[in-house]
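Here is the structure we will look at.
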Amino acid sequence: MKGKSDENLQCDCTIIHADIVDRVREKMPQEEMLYDLAELFKVFGDSTRIKIIWVLFEEEMCVCDIAYLLNMTPSAISHQLRVLKQARLVKPRREGKNIFYSLDDEHIAEILNQGMSHISE
């Protein structure tokens, strides 16, 4: 016996609903924007980077503190911070010999909160 998830998810018809397709096509972002969005979500696809984002959501921290908190090496944290910085998700701030990292802007916190809300449902 097949369950609902085993059902064929394709239409049985071959009719194109041109009015719907045209409305959606007009609202579709350009290919480059969709590519950039996919790349952004790839950055969120790593649990270490998510942990770092969560830490920085709570408090600005330096590499050594993040490494200690997450039980990782400073070089591993630095590598992930480089990826996050390239994606414009975190930003550095120098204070003497220390470099502190924080989230780049409030949008990153919103993305994190939305994701947590979604998986909590």
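The numbers here are math on the coordinates, done by the rules we state, and not lab data. Owing to the predicted nature of the structure, the values given are computational and were not obtained by experimental measurement. With ideal geometry, Cβ positions are generated from the backbone for all residues, glycine too; neighbour counts draw on all protein chains shown.
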Hypothetical label at ASN98: residues of region 51-86 whose amide nitrogen lies under 11 Å (7 Å Cα-Cβ projection)
60-66
Sequence-distant residues sharing a close amide H with CYS62 (under 5 Å, placed H):
TYR101
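Structure shown: which of LYS51/LYS97; LYS51/LYS91; LYS42/LYS91 lie over 23 Å apart, alpha-carbon to alpha-carbon?
Values: LYS51/LYS97 25 Å; LYS51/LYS91 16 Å; LYS42/LYS91 19 Å.
Pairs exceeding 23 Å: LYS51/LYS97.
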The set of residues whose placed amide H lies less than 5 Å from the amide H of MET72, leaving out same-chain residues fewer than 5 positions away, is none
Binned at 10 Å from zero, the C-alpha pair distances of the chain give percents of 11, 31, 23, 16, 12, 6, 1
Would you mind checking which residues have amide H under 5 Å from VAL90's amide H? H placed 1.01 Å from N; only 5 or more apart, or other chain.
LYS85, ASP104
When the label point is put 7 Å from the Cα of SER78 along its Cα-to-beta-carbon vector, which residues of region 95-109 have a backbone N closer than 19 Å?
95-102
